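The values are calculated or read from the model by the stated rules, or taken from the named source; none is laboratory data. This structure is a prediction, so every number in the text was calculated from the model and none was measured. Backbone-built Cβ (ideal geometry, glycine too); neighbour counts: all protein chains shown.
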């Protein structure tokens, strides 16, 4: 409980710093937009590509683990889309807000997971975290872009426009690029790794600052139904679904534990950047992320304990 809490606390503090910077207007609205742009087109794509392309997948049940995680996130998004009309009517939310609910319920915060994994399971387990990134990141970004293109706009989106939205998304081609590099069997040169590390090193802190800058505390109360539902779906329903699919696929031991942890972490801060760029409700995403980070201090240890994998 203590180690996971200490891993999550800095994340929440950085979000609060971003909120304070916006409130004090140390950084202008136009400058925050520029920071969003850098995160979206440079920092996040670089770190996603590097983590997937440079991972060591030796002695890892890649296919079973990846398959279980892909099925879990697909089922979560598929069910939400299937019941989009009653959900939107019951919660009183618009199409852009529905896309935020989908992202809040299905995406995962890679950096929070990667911060917790070595503290809980040791540094050797980071390769298992990389399997999770390779399995979920491309799929989640493609599915979320499709959902955004379909529901974030009132006008009809043609298949061609939808395909173009997917192909132009830097999260998608950086994820697929990392998978392609893995499949090629080539190693990233040391100098390239250094460059990618230097560029991507600022991704987490800067993205969390922009999340904090987009936070509207008052709207948490006004928008509590979708925010609360996203918390329940992401922090409780998703790990339960993940545990079931992992069990059905025969994944056991440390691979099961790491995959379950990756399913139990809060939604990714990249969801906020994507919402800003594609017409979703970014402040709602920020509220969901912040509430989930707070709640995850309790839910992550609870999920690991219930699954019998907590140390």
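Below, the figures for the structure above:
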quantity: Matching option when the condition is touching a helix residue (DSSP H, G or I) at 6+ places or on another chain (Cβ under 8 Å), closer than 22 Å to residue 209 by Cα and assigned to a loop (DSSP other than H, G, I, E, B), among 93, 27; calculated: 27
quantity: Near pairs, Cβ below 8 angstrom, 6+ apart or cross-chain, from the stretch 274-298 (assigned to a loop (DSSP other than H, G, I, E, B)) to any residue that is surrounded by fewer than 19 Cβ atoms within 10 Å (Cβ to Cβ); calculated: 279/153; 281/94
quantity: Conditions (1) crowded, with 21+ Cβ neighbours inside 10 Å; (2) modelled with pLDDT under 85; (3) farther than 16 Å from residue 276 by Cα; number of the one not met by residue 39; calculated: (3)
quantity: Hey, residue 233 out of contact with any strand residue (DSSP E or B) (no Cβ under 9 Å at 6 or more places or on another chain), under 24 Å from residue 281 (Cα atoms), surrounded by 15 or more Cβ atoms within 10 Å (Cβ to Cβ) and at pLDDT below 90 or not; calculated: no
quantity: The lone exception for residue 85 - which of (1) surrounded by 22 or more Cβ atoms within 10 Å (Cβ to Cβ); (2) at pLDDT below 95 it fails; calculated: (1)
quantity: Residue check, residue 192 in contact with a helix residue (DSSP H, G or I) (Cβ under 6 Å, 6 or more places away or on another chain), modelled with pLDDT of 80 or more and surrounded by 13 or more Cβ atoms within 10 Å (Cβ to Cβ); calculated: no
quantity: Matching helices (runs of 4 or more DSSP H) fully within the stretch 186-253 where at least 3 residues are over 21 Å from residue 289 (Cβ atoms); calculated: 190-200, 238-248
quantity: The stretch 42-68, residues that are closer than 11 Å to residue 131 by Cα and surrounded by fewer than 17 Cβ atoms within 10 Å (Cβ to Cβ); calculated: 56, 57, 58, 63
quantity: Counted residues, the stretch 100-125 - those being assigned to a helix (DSSP H, G or I), within 23 Å of residue 12 (Cα to Cα) and either within 17 Å of the chain's Cα centre (by Cα) or without any contact (Cβ under 8 Å) to a residue 60 or more places away in the chain (or both); calculated: 16
quantity: Some residue of the stretch 158-166 being assigned to a helix (DSSP H, G or I) and either within 17 Å of residue 107 (Cα to Cα) or modelled with pLDDT of 85 or more (or both); calculated: yes
